[in-house]
Amino acid sequence: MPNGGTTRGATAEPSTDGASPSDTTESPTAPPTRSGPSSPPTPSVAPTPASPTNRAANLAVPELPEEARAESKAGLKAFMEHWLELLSYSYLANDLAPLNEVSNPGCTFCVQAETSMKQIYQLGWVSGGGTTLTAFTTDFQPDTNGIYSADITTTQAEIFYYSGEGWLGSSESIPDTSHSITARYVDGSWQLIDYATPEAGSVPSATASPEPGS
């Protein structure tokens, strides 16, 4: 009622003042929320090098070293070492994408390398053939288009060719091969313009697929 009197027939709620702990009803405690089973960690896949019976698999792409990011003589040299590592990786993994990412689309050598790789992997696969930098010289003076030139010397290990039917042949190692390279520094990173042997200006003969049994 408006005056605050007790409504007839209504039952007054008992007071809890002075109630003992046993007289007090506690809200039930909700059980802890359980999360679903955690996903097992994804197992790392170990790289498998090429062998006479299997192609290489799960090879790690060489990472660009920090020193190869600098626009300097040392930076260009480090970039070329990295580029050659990518070249070696490309032939073993049949994967030119990482090499193309750091090369100019007009790179003649890269186009020829792609053709060579297609020929190789139509027949089978390869092992060996790593190319390393053994000498590097440059005046580090860009031309009017911002292109740097350098003369380098490389050594390429012996390449072994295989197919599902077995060994196809091999190419001898190639020591101390001279090349001329051009590169440009664009948006904080190096890009190879071209890579050529001064005599021929083409893919080294060791990368060409062999005739079976050679």
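Computed over segment 80-128, the range of Cα coordinates on each principal axis works out to 28, 20, 13 Å, biggest value leading. Pairwise inverse Cα distances across segment 81-169, averaged and inverted, put the Kirkwood hydrodynamic radius at 14.7 Å. Ignoring ligands, DNA and RNA, what percent of the 1.4 Å accessible area of segment 87-136 is carbon and sulfur? Carbon plus sulfur share of accessible area: 52 percent.
Stretching Glu101 away from Glu71 to a fully extended chain increases their span by 9.0 nm, per 0.36 nm per residue minus the current alpha-carbon distance.
Can you tell me how much longer the chain between Thr153 and Thr197 gets when fully stretched, taken as 0.36 nm per residue apart minus their C-alpha distance, in nm with one decimal? Difference between extended and current length: 14.9 nm.
Applying 1/(1 + (r/R0)^6) with R0 = 30 Å to the Cβ-Cβ distance of Ser180 and Tyr121 gives a FRET efficiency near 0.60.
The values are calculated or read from the model by the stated rules, or taken from the named source; none is laboratory data. Computed from a prediction, not measured in an experiment: that's the story for all the values here. Glycine also receives a Cβ, built like all others from the backbone with ideal geometry; neighbour counts cover every protein chain displayed. Heavy atoms of the whole protein, side chains included, go into the accessibility calculation; ligands, DNA and RNA do not. Shrake-Rupley method; radii C 1.70, N 1.55, O 1.52, S 1.80 Å.
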